[in-house]
Structures are given as C-alpha cells and as structure tokens.
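Report on the following structure.
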Amino acid sequence: MLYGRGAETERIDRLLAQAVGGRSGVLVLRGPAGIGKSALLAHAERQAAAMGVRTLRGVGIESETELVFAALHLLLRTGLDRLDRLPAPQAGALAGAFGLAPATAADRFLVGLGALTLLAELAGDGPLLCLVDDAQWLDRSSADALLFAARRLEAEGIVLILAVRDGSHGFRPAGLPELRLGGLGPQDAARLLGETAGPLAPHVRDRVLAESEGNPLALIELPSALTPEQRAGQVTPLAHQLGPLPLTGRMQEAFQAQIHGLPEAARTLLLVAAAESTGDLAVILAAAQRLGAGAEAVEPGEHGGLVHVVGGELAFRHPLIRAAAYQGAPFTRRLAAHRALAAVLADAAKSDGRHADARAWHRAAACTEPDESVAAELERAAERARRRSGHAATTAAYQRAAQLTPEPCDQVRRLVSAAEAAMDAGQLLQSRALADRAAVLTEDRRERARIAGVRAAIEFEQGSPRVAHGILIAAAGPIADEDPDRAASMLLEAVRDAWFAGAPEPARQAVERLHALGLPPGHHLQSAVSALTGLADLLAGDPARGLVPIHAALADARHAEPGGPGQQLIMASMAFMVGDDEIGLDLATRLTDDCRAQGLVGWLPHALQNLASIQLYLGRFQDARACADEAVRIAGDIGQHHRLDHLQGVLAWLAAVRGDERTCTELVGRVHAHATGHDNVSSLAWTLWARALLAMGQGRMEAALEELTAGLAGATRHQLTTTLTVPDLVEAAVRCERADRAEAPLARFEEWATATGQPWARAVTLRCKALVAGSDEDTEARYAEAVGLHLNGGRPFEEGRTRLLFGEWLRRSRRKAEARVQLRQALDTFDRAGALPWAERARAELRATGEASAMGRAAGAASLLTAQELQIVRLAAQGGTNRDIGARLFLSPRTVGYHLHKAFPKLGVASRAELARLDLGT
Ligand SMILES: Nc1ncnc2c1ncn2[C@@H]1O[C@H](COP(=O)(O)OP(=O)(O)O)[C@@H](O)[C@H]1O
Ligand SMILES: [Mg+2]
C-alpha cells in the first residue's frame, strides 16, 4: 500500500494510458534515498501488468559505474534477438557495445539511436514500459545512450521512467519532464508508521515522525533500530542517532546497526555481495567461501529482510543496505573481499570481456600502492572499452590505471589517454583536469603535443578559439621534426581557430609555420594546406590573392577521394569562400550523408550547419531551417555550445527573412548571451546580419545601416558573412540617402565578387552600382546586365531583390509595363521562399504600377508543414520507408509514421503514393 502518492500514481497511470494509445512519454522521478522512488516504479510495473503492457527493467549500481554499457545491456537484453531488424550500423553499434560482436569504433550516439530503434521495434508488439532505477549510478555510456533515445521518443507507445537519487551525482537529464518526490504529509506518515512500527509510546512516536521528515524508509527503519526500552519511552529514544548526520546517514547507520548484529559469516557474505556489482550468486558464494563463509551465510540477511535471492541473483532490498554493508566493514576486510572476487573472476576472465573488466577493477580496488601489473590490466580494460565506444569507461579505466602506475612516463601516457577519452565522451571539464594533471608531470614533446590537442579542442568548443590557436601554435613547433604530420594537423586547426576568431595575424603566423614544415608534394594534407593558406589571405582582406589557392584546392577535392569528416568539412566551407554553391551543395550533401550512414553523430551538427548555409544561399529557406533545426537538437544533446551559437545565428537570419521578429530577436539574444564571451565572432556576424535584415523588412533602413556599418568595423569585419552583408548595406544606405556610406563597402564586395568569378556575385555587384549611382545613363544597362547574369542560376533570393529594385526603378521612370514584368517575377520568388516582407514590398510596387490583383501565388502546400514534417515528407516522396527515414533523421520509424500521418491531411493526400505528385517546393 502506497500512502500519499495519489498525484504521482495518477501521472504514471496517465502515461501508461497514453502509451496504449500509441504515444510515448518520459518521466524522471527525483528525490532522496528512501523517499519511495522504487516503490513508485513497482506501482508502474503492477499497473502496466494490469493493462497488458510489458515491462523492461534496468538499474544503475553504485560500484558498476565504470563498466561500459552495463545498465543499457540489462535493460535491453531480452530484446537482443531482434537486433537483425535494425539498420546495419545501429545493430553493429549495439552488438559491439554489448560485447556480442567484435566492436567497431562507432560513434557514441549511434548506440543511443540503436537503443531507440530497438525499443521501437519491441513496442511494435504492443506498448512497453521501461523502468530504470537508481539512474544516478548508470554507467556514463548507458546514460548517454539512454538519454539520446529518451529525447527522441514520440510515437512508439513507450513509457520510460527513470528514478534518480538526489545528491552530488552527475546525472542531470536536462530537458526531460521531472517529478520531485517530497516527504509524506503528517497524516500519511503517521499511518505508515502505525502500520509498520508496532507499539510505540506516544512521545516516541512523535519523535520518530519528526526525525523521519516524512521519508518512508526512515519511518520503517528508524523504529526497527529501537530497543524495547526505547519503544516504551523509558530511555531517550533515538539518542544515538541525533547529531549532524543527515537523514540518509542516519538511515544508513540504522542499517549498519542491524548488520553488526549478524553472525560474522553473514556479515562477510553481505560485504562480498556489496563489493560485487552484478548480483551473480555463484560468484558471490565462491568469493565468500574463500573468506570462510559458506552458502548458509545468506540466510540471516534474508531473514532480516536485508537481501533477497531470486533465481541465481542476490539483491539488496535497498541501496542504503549495500552502502551500509560495504562502508561499515573495516578497510582490510573490504580489500580482502575485492581480492577474493578478483580471484574468482580470474578463471571466467579468459572467455569473457565483461568478467575481465570486473576482475581488473576488483584488483585495482584491492591495491593500496602502485602496481604495474594491475595498471596494465586496467589499461587493457580501457582499450576494450574504447573499442566499444564506451569513452567514459575508457576514461575511468585509464585514470585509475594512471593512479596505480609506478613509472612517471607510463603514468603520463595513461593520463593523457584518459583526457582524450573524456573529450570523446563530451566530458570536457574532466578532460581538461586530466590534461592539466598530465601537463605538470611531463616535458616530453610528444605527450605535450597530445595534451595541447586536448586543451585546444576544449578551448575551441567552450572557451575562445583565439586561445585555442595559441595553444596549438606553441605545441606544434617542438614536434615539427619528429612528427610533421601531427604538427601539420595542429597548425591547420590553428588556422581554422584564427578564422573563427576573426584574427588575421594569428592565421598568417600559423600558415607560415605550416609552410616551414615543408610537407612533400602529394602529401595527403597538401590541399588542406593550400586552401587554408588562401583562407588566411582572405581573412587579411585580400580576396584576389586568397581565392586562387582555394579554387585550386576545390578543383582537386572534386576528383580526390574524400578524406575524413574533418577534411571534408574544411572543403565544404571553402566552397562558401568562393561563392560556388554547386560544389558547396555537392560537398555538404555528401558529408551529411556520410555522417548519417556511418552514424557520426558528433560530426553531424557541423555537417548540417554547412548544408543549411548552402541551402540558405540557394534560397531553399525551408530546407535550411529543417537542417538547422535538426542540428540544433543534436548539438544541444551533446553539448556543442559553439555549434549551437552558429546554428542559432543561421536560424535567426531565416526568421528575419520571414519577417518573424519574435523568433529572430529571441535567437539573437541567445547567441549574444553565449557567443560574446567566447570570441565566437562568426556566430555574431550571422546575428548582426539577421537583425539588419529584420530591420530592412520592417522598413527601418537607418537601423539596418547602422547595424551593418558596425559589422564592417567591429570584430566581425573579417568574416565572409560580413562581406555578404554589403549588398544589404548598400541598399539601406541609398534608401537613407547616404550613398557615400556605401562606397568603401561596395569596393570590398566587388573585389571579392570578382575574385570568385561567380555570375551571381557579378550580378549583385552591378545591382549595387546601379543603386549607388542613382539614376544615370548607365543605370538601366547595369540592371539589365544583372538580370541577365542571374539567369545563369545561383542565388534566387538575390535575383528577386535585383528584379524588385529594377522594377521599382522602372516604375519611377514611368515604364509601368516593363516594371510589372520584373515585379511579378520578384513576387513569385519571394512567395516561394516565404520571404514575407519582401513579397509585401513587391506586391505594393505592383499595385502602384496599376496591377489590380497582385495577390501572388497561394502559399505552397509545403508551407503548411513544420520543418520536421517537411523533411520527412520529402524523403517519403522520394520513396524512403519509415525505417530509412528514421535512420537518417535519428527518429524511430514509428515516430516517422506518426509525422507522416499528421502531414497527410495538411497536404490533402491519403497515402504516401500520392506524395510524389505534390510540389513540395524547395
Ligand atoms: N508512499 C509510500 N507508502 C508506504 N510505503 C512506502 C511509500 N513509499 C515508499 N515506501 C516504502 O519505503 C521503503 C523505501 O522506499 P523506496 O521506494 O525503496 O525508496 P527509494 O527508492 O526512493 O530509495 C520501501 O520499503 C517502500 O516500500
Ligand atoms: Mg530505490
């Protein structure tokens, strides 16, 4: 019987009812030890059984936090026979993670995606309840994967409930609905006490109620520690428990008192069971035997209700009992328990990686001083964890190995490996701390270079790219002779950092050192070197010189085998620098597809960001938004703050073009709050442009002019994005009758445009010149030539704007018929793109030419969909199955189906076959 949890059980019951209806839901139960979290999970399980909902259970165990994917395996183990139904990369990642197949170094989030798909697959048989108790002790890899899946649950009919104990533990599942459990109210507490405690003198009863703070476990356990005299109120009750100890500590003491009352063999058995994490009765009994306790020693603990045995497993009734059994034992006994467990596991270890890992950790736990053989065994466990993409477990094992290493140089190597693994796990603070510890221990150049790599990557993601640059430059020099490849990679990264910080001099410095390395012709980094050399010149304000090597590198890249994702990203960004949208789209699409196919989740936000930018340039605003939205979700999940800034800047721009002031302002605010303190200049350039466009759309030309002028003078001045703002600046300046302020910026734009050789860029230059000149004999020729150049394709939004301005000029020249031709085409472009303020302007102009019904085309069907729906519908229209689409977009196939069916009525279709005939826009 549960007292006082009406609201909580109702919420759980509602989630279950929704799951029966096909909707998924997640709930985090949070509260202190003993408050009744597990009891609520038990309620959920009972309720589920009554409704015919199946339950899967997983649990975190305190001593198991270093065992990779242990908890996730526990949760999913009964479903593993369905692995073959998953897309191959996901199935491979899960099988590798659980040690069922040779592990491939898969992306850590692919395991989460696999878990999501597997759960959805299982829910195909009917609704499913997943319970994860003591989630604060989930091994980090399991927690990451589970949270990744949890955030994507939507229409599978799955309820996931996680119970988390309050405290200093790191588990903070941000963004998931949470229910905090407080103590029971006085009446419920009194009822529970009355039911469980037996007779108590009234003032003793009041005292217990006060001490328990409504905590059910305390209400049950504190009285059980009372002597008959205390119960009767003849001596002060609970005196030994008063003091500074918090309630959890007092309950643990109560359990320790119970354990102390047991025979020695029983205490030994409890200690061994507490030190062992899986509950494997055979292992526990064998280890206890070595310490002189036979199988009969299980009984007293069972009788006292401290543990219970089900099947081949022994479980503690409450984690506080496990803690009491372990911490209450003398230190030397604890060491002996670990030694005994390691010895028992030694035989099993040969055949099974999991046992080998456990053995390594037990040996380590039994160590009181450095021991190379134990350290080496842990290092092997770390390597195994790394191959299974369990980066957090890898970190933990290397870190402990380092502590136990006698030789300083081995110790540094292990510490640095721990730091690298922590970085791969996204645990940046820990990574930095480990790198710092290693740094003071070594003067070795190679180790220092590895340390610098870690520090710079963290600095780039969370601190300042400028500082990251400095770190790389300093560490690359000393290894230039012995390891030129590594030095080159570091220096290339330094150029990129300088670019993001908008710092020309540091970029040049890194490029000079790159050239000094003298990499041989044909070296695999050679085209990246020449591209980034061009980038440094571009940053220094010399596009004529900078774009030459970039063009050349891009031409090479087209034919060469694609390098790793890092190199592909560099090349895709280079396409932006030369304004070549065709190559850019090609490279960005290929990279995004590769990331999806291989499950490179960590790279995906950056790849999607490139794709979104190129789609933005191509006027495919809806696509751009869908990509950027998706990337924001992933970057948010995996803590890529820098990336988030950038993506939000792009989204702010897209909102500005729609005339969506609220969204634009909100996004800009978010970016500013973070990016300003982090030298994240390229994000700021986007927000600046977004604000200016928003102002222009609203006719606030002076505000736009000020904004853009400031952008050209401030920290953002070197950014390519800033160059691209110039045509807007020119228009705003002319509108404000300040054409003089447009001259210098226009010269800059023209220089870049000429260097690109792109027709669209030349067209925009001509339009700007026509605007600045006011009306002279060349105006018409300039506009006409611009319109002609736009016909080569390129950037339709720019084409629309050229036509709009040309149309306005024609109308003012009283050539209404010709004006209408331009304006109609402009209007059509703006309507298609959803650029409402510009469409409005074109419409007003058309009316002024006397066109009565300038209503434009009706908004396309696609505009009725959310960005995500559109993305899904497009893929379905191309013939993708729900499973294909789910694998691409990191959703479960059932969620894909759910969105499709929401989209159908909006599109006026009844089946996916009909999608193919729709115009889904671009
Ligand atoms: N609302 C309640 N009414 C009655 N007993 C409860 C209630 N909540 C918890 N208990 C009992 O209190 C003890 C501790 O609860 P438990 O769920 O294990 O706590 P937690 O998981 O939060 O540490 C268990 O014996 C449980 O049956
Ligand atoms: Mg519990």
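The values are calculated or read from the model by the stated rules, or taken from the named source; none is laboratory data. In this text the structure is predicted, and so the values were computed from the model without any measurement. A quick note on method: Cβ atoms are made from the backbone with ideal geometry, for glycine too, and the neighbour counts reach across all protein chains shown. In case anyone asks, the SASA skips ligands and DNA or RNA and just uses the protein heavy atoms, side chains included. Shrake-Rupley method; radii C 1.70, N 1.55, O 1.52, S 1.80 Å.
Assorted remarks:
- Solvent exposure of region 352-454 as accessible area per residue, Å², 1.4 Å probe: 40
- Accessible-area composition of region 6-180, carbon plus sulfur, in percent [1.4 Å probe]: 52
- When DSSP beta bridges are restricted to pairs lying wholly in the chain, around 20% turn out antiparallel.
- Distance between region 752-778 and region 1-40 - C-alpha centres, whole angstrom: 65
- Accessible area (Å², per residue) of region 863-917, counting only protein heavy atoms and a probe of 1.4 Å: 43
- Between Glu666 and Glu512, the modelled labels are 4.9 nm apart [label points 7 Å from Cα along Cα→Cβ].
- Computed helical MRE - 222 nm, the chain, DSSP H runs ≥ 4 contributing -39500 (n - 2.57), nearest 500: -21000 deg cm²/dmol
- Stretch in the chain that is longest and holds no trypsin sites (Lys or Arg not before Pro) that DSSP places in a loop and that have at most 13 other beta carbons within 10 Å: 351-813
- Over all pairs of different C-alpha atoms in region 260-358, the reciprocal of the mean inverse distance, the Kirkwood hydrodynamic radius, equals 13.3 Å.
- Entry note, region 6-180: relative contact order of 38 percent, from Cα contacts under 8 Å with a spacing of 6+ residues.
- Separation of the Leu791 and Gln526 label points, Cα + 7 Å toward Cβ, nm: 4.3
- Protein accessible area in region 728-846, 1.4 Å probe - carbon and sulfur %: 47
- Hull shadow area, averaged, the chain [alpha-carbon convex hull, nm²]: 42.7
- Cross-link partners for Lys37 among the aspartates and glutamates, with Cα-Cα distance under 19 Å and sequence neighbours closer than 8 places in the same chain left out: Glu8, Glu10, Asp13, Glu45, Glu62, Asp133, Asp134, Asp166, Glu178, Asp188, Glu213, Glu221.
- Extension gain, His559 back to Ala744 (0.36 nm per residue minus Cα-Cα distance, nm): 62.7 nm
- Computed extension gain for Arg180 through Arg815, at 0.36 nm per residue and net of the alpha carbon distance, reaches 221.5 nm.
- Added length on full extension, which subtracts the Cα-Cα distance from 0.36 nm per residue, Ala844 to Ala433: 141.8 nm
- Reducing region 497-530 and region 561-589 to their Cα centroids gives an inter-centroid distance of 18 Å.
- Using a Förster distance of 22 Å, the FRET efficiency for His260-His308 (Cβ separation, nearest 0.05): 0.60
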